[in-house]
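Read through the structure below, which is laid out as structure tokens, and then see the notes.
The values are calculated or read from the model by the stated rules, or taken from the named source; none is laboratory data. Note that the coordinates shown come from a computational prediction; the quantities given were computed from them, not determined experimentally. Neighbour counts run over all protein chains shown; Cβ positions are idealised from the backbone, glycine included. All accessible areas refer to the heavy atoms of the entire protein, side chains included, with ligands and DNA or RNA removed. Shrake-Rupley method; radii C 1.70, N 1.55, O 1.52, S 1.80 Å.
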Amino acid sequence: MIWETEKRLQRLGDDQKIRHADDLHDLLLSIGDLSREEVDVRVMAAATEWLHALTQARRIALVPVGGEKRYVAAEDLGRFRDALGIVPPPGMPEAFLESVADPLGDLVSRFARTHGPFRAEDVAHRFGLGVAAVGDVLGRLREAGRIVEGEFLPGGRGTEWCDASVLRRLKQQSLARLRAEIEPVDPSALGRFLPEWHGLARPARGLDGLLRVLEQLQGCPLPASDLETEILPARVEDYQPSMLDELCYAGELMWRGIEPIGTHDGRIVIYLAEHYPYLGPLDVASNVGSAAGDASTSNSGSTSGDAPTGGSRHDHLMQSIRAYLRDRGAVFFAQMAKDLGGFPQDLADALWLLVWNGEVTNDTLAPLRSFLRQSQGERANRRNRRELRSRGYRPRTVGPPGTEGRWSLLPGREEGDPTETERRAALAEQLLQRHGVLLRESTQAEGLTGGFSLVYPVLKAMEESGRVRRGYFVAGLGATQFALPGADDRLRSLRDAKVHADPSTFVLAATDPANPYGAALRWPETSGARPGRVAGAQVVLHEGRLLAYIGRTERSLLTFLPESEPERSASARVLATTLSELPAKGRSRALTVTKIDGEDPSQSFLARFLEEEGFRSTYKGLYRRKGPLDA
């Protein structure tokens, strides 16, 4: 590639041949002195007549340079005289013989512009000079930013030099060639890649494993109801709620509310504490004004009973809590209620409005779990509490449900915080770590403030420095795609599902970043209800293909089976087996499918396969409970 570039710079391409005398004169001006042999290889026909005519017209001259006769444009004779001591032929126009400020610098600079990486010895040999003299000129040009010093070519030739514009051209051509070498994969390969990239095939273990998982997920808005029931258990084999609390207590993690979902759920973001200044909001205090007022009039933030309305009462409580936490720091709810007075439930309601406004956090996720449980019946609450206790979690509530732990304001902007450039760089790196192959559609699904354009300049700079690769990795998606080194190779290795001895099937939360559908990839077409990345819903992926979408109540099922046999029956059997295992792994003890593709499940193509896997036909639908079925 370097030789091809230099060939173009030296006007040696077949499509660059000189066609007439004026072009020959321009050639000498652009690339400098040439011997007769060097002229001949650049012209379409014999150059004798053109050279004679130009010499007679005093437009060029034949002079000794570097120990041989070379043709030089008349405009350059003054430079060659002052730089190399060459005597111009008599009769040349005086205007071309005037002195210039840096004659040798001009000649060396032109040499650099018309060559690839070179050594000082190459220039010295070309002009018949000493290496030391050339080195001084190269040093001055480097200080002026016109050339770059380094080791550019393989083989260890020592110090080399390259014109800055030529080096940029070489880098651009190298990147273009790398992009062209990448053959895009089918979108289903992305469905195989993302679960592997997120470690779902080999779940982590322990606190260290959980911390690595959260480092990848940090900054991604996730439904709180999916976080500990689907997303983290899919990545950490021995996950327990107490593990997350332990990391929070130790100061390793922080969480922030993003927005409520319905009455008793919401999206949250988790950060490693050390990364919060880089990935967290610029200024939490900026949300206090209108946003707080809007939140106070919303009925989505209530923690029990009727949602708070009217605004003024909760506005006053929010202001009081904000000022109190600013003065006191982290406090338990009981102390806050004692100092601020009023009805505890009203105070709890205002506190949760501040949570969803992104201003207040807690040193544990216990209040978030209580907040989620309030949408369930008392029997379900008791069952959840027993389950949590059996897994080592001991909630201690002194106040309304959802007020456990210590409350504090999230940090605002402080002097010495990262600059905007540093924050964008950290965000780009975080997105790459989460997705491996970053697509515009992926950032849109995360609701990134500022969109893909916010990090595109950073990604482009990272590509130019060799830290990421840009290419068309996944067919059918936008052309602007970036990948971490190695991630693109890993994606291509998953191009063909048949090369894997063990077919992979995953049941994921629809909102899981490891699920590409509804984010990087569009949902497949369906004639009935459309799937969505909503809390509580699940997807079944087999070898990267979407087989089914399970609604948030686990009662409705949308299938996306191949149309032709035997693939259709084989996929149906895989799906039926996967669904039969859900009661043993999932959130409920039994699974009742009341609708398949919007119709009676008994009439579905899938029904026979479900019955073979232990589902029973009942008046409600197809039923499968945990454990062996009754005879």
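One table, with the values for the structure above:
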| quantity | calculated |
| --- | --- |
| Single match in R522, R490 (criterion: in contact (Cβ under 8 Å) with a residue 40 or more places away in the chain and open to solvent by 10 Å² or more (accessible area, probe 1.4 Å)) | R490 |
| Condition met for L325 (in contact with a Ser or Thr (Cβ under 7 Å, 6 or more places away or on another chain), open to solvent by less than 20 Å² (accessible area, probe 1.4 Å) and aliphatic (A, V, I, L, M)) | yes |
| Candidate set from region 410-433 (those that are out of contact with any Pro (no Cβ under 6 Å at 6 or more places or on another chain) and of a type in the set (D, E)); member that is surrounded by the most Cβ atoms within 10 Å (Cβ to Cβ) | E429 |
| Test: D245 is free of Cβ contacts under 8 Å to residues at least 12 places away in the same chain, in a helix (DSSP H, G or I) and closer than 23 Å to H275 by Cα | no |
| Every residue from region 1-40 that is within 49 Å of the chain's Cα centre (by Cα), farther than 19 Å from R113 by Cα and touching a residue at least 12 places away in the same chain (Cβ under 8 Å) | K17, I18 |
| Some residue of region 151-158 being more than 30 Å from F506 (Cβ to Cβ), under 26 Å from the mean Cα position of the chain (by Cα) and free of Cβ contacts under 8 Å to residues at least 60 places away in the same chain | no |
| Members of region 222-242 found to be modelled with pLDDT under 95, within 18 Å of P367 (Cα to Cα) and not in a helix (DSSP H, G or I), listed by number | Q240 |
| Any hit, region 299-306, residues being modelled with pLDDT of 85 or more and surrounded by fewer than 17 Cβ atoms within 10 Å (Cβ to Cβ) | no |
| Check on Y276, aromatic (F, W, Y), open to solvent by less than 50 Å² (accessible area, probe 1.4 Å) and in contact with a Pro (Cβ under 8 Å, 6 or more places away or on another chain) | yes |
| Yes/no for A57 being surrounded by fewer than 14 Cβ atoms within 10 Å (Cβ to Cβ) and free of Cβ contacts under 8 Å to residues at least 40 places away in the same chain | yes |
| G614 vs. criteria over 34 Å from the mean Cα position of the chain (by Cα) and either hydrophobic (A, V, I, L, M, F, W, C) or more than 30 Å from E259 (Cα to Cα) (or both) | yes |
| Members of region 9-25 that are assigned to a helix (DSSP H, G or I), under 20 Å from V72 (Cα atoms) and open to solvent by 50 Å² or more (accessible area, probe 1.4 Å) | D22 |
| Members of region 467-481 that are part of a loop (DSSP other than H, G, I, E, B), open to solvent by 50 Å² or more (accessible area, probe 1.4 Å) and touching a residue at least 12 places away in the same chain (Cβ under 8 Å) | R467, Y472, G476 |
| Breaking point among (1) in contact (Cβ under 8 Å) with a residue 60 or more places away in the chain; (2) out of contact with any Ser or Thr (no Cβ under 9 Å at 6 or more places or on another chain), for V539 | (1) |
| Tally, over region 562-593, of residues that are part of a helix (DSSP H, G or I) and hydroxyl-bearing (S, T, Y) | 5 |
| Criterion: more than 28 Å from P221 (Cα to Cα) and in contact (Cβ under 8 Å) with a residue 24 or more places away in the chain - qualifying residue of R555, R545, R568, R533 | R568 |
| In region 60-71, residue most open to solvent (accessible area, probe 1.4 Å) [restricted to those that are assigned to a strand (DSSP E or B) and over 9 Å from L24 (Cβ atoms)] | K69 |
| Filter result for R394 (among the basic types (K, R), open to solvent by 30 Å² or more (accessible area, probe 1.4 Å) and either modelled with pLDDT of 90 or more or assigned to a helix (DSSP H, G or I) (or both)) | no |
| Qualifying residues in region 184-242 (those that are over 23 Å from I268 (Cα atoms) and of a type in the set (D, E)) - the one most open to solvent (accessible area, probe 1.4 Å) | D186 |
| Leading residue by the ranking (nearest to P516 (Cα to Cα)) among those in region 179-211 that are among the charged types (D, E, K, R) and at pLDDT below 90 | D186 |
| Single residue of R573, R490, R568 found to be of a type outside the set (V, I, T) and under 25 Å from Q433 (Cβ atoms) | R490 |
| Residues located in region 594-606, provided they are over 35 Å from the mean Cα position of the chain (by Cα) and either closer than 15 Å to V539 by Cβ or assigned to a loop (DSSP other than H, G, I, E, B) (or both) | T594, G598, D600, S604, F605, L606 |
| Region 187-200 residues that are touching a residue at least 24 places away in the same chain (Cβ under 8 Å), paired with ones that are among the charged types (D, E, K, R) (beta carbon under 7 Å, 6 or more apart) | S188/R545; A189/R495; G191/R545; R192/E543; F193/R490; H198/R235; G199/R235; L200/R235 |
| Sole exception among (1) under 23 Å from V534 (Cα atoms); (2) open to solvent by 20 Å² or more (accessible area, probe 1.4 Å); (3) at pLDDT 90 or above for R555, by number | (3) |
| Residue selected from region 417-451 under the condition assigned to a helix (DSSP H, G or I) and touching a Ser or Thr at 6+ places or on another chain (Cβ under 7 Å), by the criterion modelled with the lowest pLDDT | R440 |
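Table: residues versus (1) under 21 Å from T553 (Cα atoms); (2) modelled with pLDDT of 90 or more; (3) open to solvent by less than 60 Å² (accessible area, probe 1.4 Å).
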{"residue": "T592", "(1), (2), (3)": "yes, no, yes"}
{"residue": "L610", "(1), (2), (3)": "yes, yes, yes"}
{"residue": "G614", "(1), (2), (3)": "yes, no, yes"}
{"residue": "R625", "(1), (2), (3)": "yes, no, no"}
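One line per residue, one yes/no per condition, for (1) closer than 22 Å to R440 by Cβ; (2) open to solvent by less than 10 Å² (accessible area, probe 1.4 Å); (3) over 25 Å from the mean Cα position of the chain (by Cα); (4) modelled with pLDDT of 90 or more:
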{"residue": "A483", "(1), (2), (3), (4)": "yes, yes, no, yes"}
{"residue": "S504", "(1), (2), (3), (4)": "no, no, no, no"}
{"residue": "V539", "(1), (2), (3), (4)": "yes, yes, no, yes"}
{"residue": "A548", "(1), (2), (3), (4)": "no, yes, yes, yes"}
